[in-house]
1. Report the full-extension gain for the segment residue 93 to residue 197: residue separation times 0.36 nm, less the Cα-Cα distance, to one decimal in nm.
2. With only alpha-carbon pairs counted, each pair once and no self-pairs, how large is the Kirkwood hydrodynamic radius of the range 166-230 in angstroms?
3. By per-residue mean of other Cβ atoms within 10 Å, what is the highest-first order of 78-89, 140-151?
4. What is the gain in length, in nm to one decimal, between residue 267 and residue 125 on full extension, counting 0.36 nm per residue of separation less the C-alpha to C-alpha distance?
5. May I ask for the distance between the Cα centers of the range 72-105 and the range 227-279, given as a whole number of Å?
6. Just grab the label-to-label distance for residue 145 and residue 189, each label 7 Å out from Cα along the Cβ direction, in nm (one decimal).
7. Based on the alpha-carbon set only, what is the convex hull volume of the range 253-307 divided per residue, in Å³?
8. Using 0.36 nm per residue of separation minus the Cα-Cα distance, give me the extension gain between residue 288 and residue 236 in nm, one decimal.
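Values quoted throughout were computed directly from the atomic coordinates according to the rules given, and no laboratory measurement underlies them. Since the structure is predicted, the reported quantities are computational estimates derived from the model, not experimental observations. FYI the Cβ positions are ideal-geometry reconstructions off the backbone, even for glycines, and counts take in every protein chain you see.
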Ligand code: CO
């Protein structure tokens with residue numbers, strides 16, 4: 001290394017120790033110039049950083065995103081209107097937006113000119129619109145497949161170019177034993193007064209093969225503890241309608257009130273539960289000697305149930 005340096009010295013300063021005064025002045029000017037540039041640059045970058053911090057503070061914007069499967073039935077949308085109204089009342093001054101997870105329903109509504117976002121699009125738009133802190137609330141009943149997909153979406157928006165400063169997710173309706181009790185009580189309170197004790201109340205849950213479907217078995221047990229003639233069945237999982245039918249038969253039930261245990265009284269409630277087709281719950285029960293009366297109201301239409309969803313939202317909101 002030393003030898004290399006020496007050789008270079010020889011090559012570039014053939015005059016040996018002789019120093020050119022003009023070159024030294026030029027070098028000094030150059031160094032001073034560099035120092036000034038560096039100083040100015042560092043001062044500027046400090047100011048910019050401060051301005052950024054200041055602007056960021058001013059720009060903080062909090063929002064709420066309510067996420068549901070969705071419904072194409074205009075009557076059923078009453079449930080969402082009620083949830084929206086109650087959320088607005090409880091979270092004043094906070095903008096509330098909606099997203100539907102069902103691609104099929106979004107497509108159907110788009111044909112009617114109603115454009116509703118998916119959770120991914122809704123979050124990207126909120127990011128674009130300057131929201132920095134967002135609480136997402138699942139309006140699902142259980143922590144099943146759709147809730148877990150939403151959880152993945154939220155997770156993906158926590159980092160990267162679309163990352164929010166804070167993004168939280170509220171739990172679905174039935175997320176603890178306390179929730180199951182509170183919701184069961186609220187639903188039983190909605191049974192019409194003219195129902196007599198020997199008449200059954202049959203709730204129709206959605207049901208699923210996802211492990212979280214076990215929540216419906218828990219609700220069925222809690223409802224039955226609270227009211228001997230209250231039963232819950234599901235369309236796509238357990239407990240089944242057969243089970244409910246057997247329970248009704250052994251209790252000697254002759255009349256039943258049918259109520260959806262879903263956020264909206266949509267297609268399942270109107271057709272699979274209360275419809276006139278041969279395999280609707282109403283038809284099956286009536287064929288078995290049980291007269292039926294259907295109540296076409298979704299859980300989102302009952303304030304005491306919506307309260308539980310909003311309690312979960314408040315928890316997510318407090319984490320922002
Ligand atoms: Co379904």
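1. 32.9 nm is the gain from fully extending residue 93 to residue 197.
2. Every distinct Cα pair counted, the radius reaches 13.2 Å.
3. 140-151, 78-89
4. 48.1 nm
5. When both Cα centres are located, 26 Å separates them.
6. 3.4 nm
7. 66 Å³
8. Working: separation 52, 0.36 × 52 = 18.72 nm, distance 2.12 nm.
Stretched fully, the residue 288-residue 236 segment lengthens by 16.6 nm.
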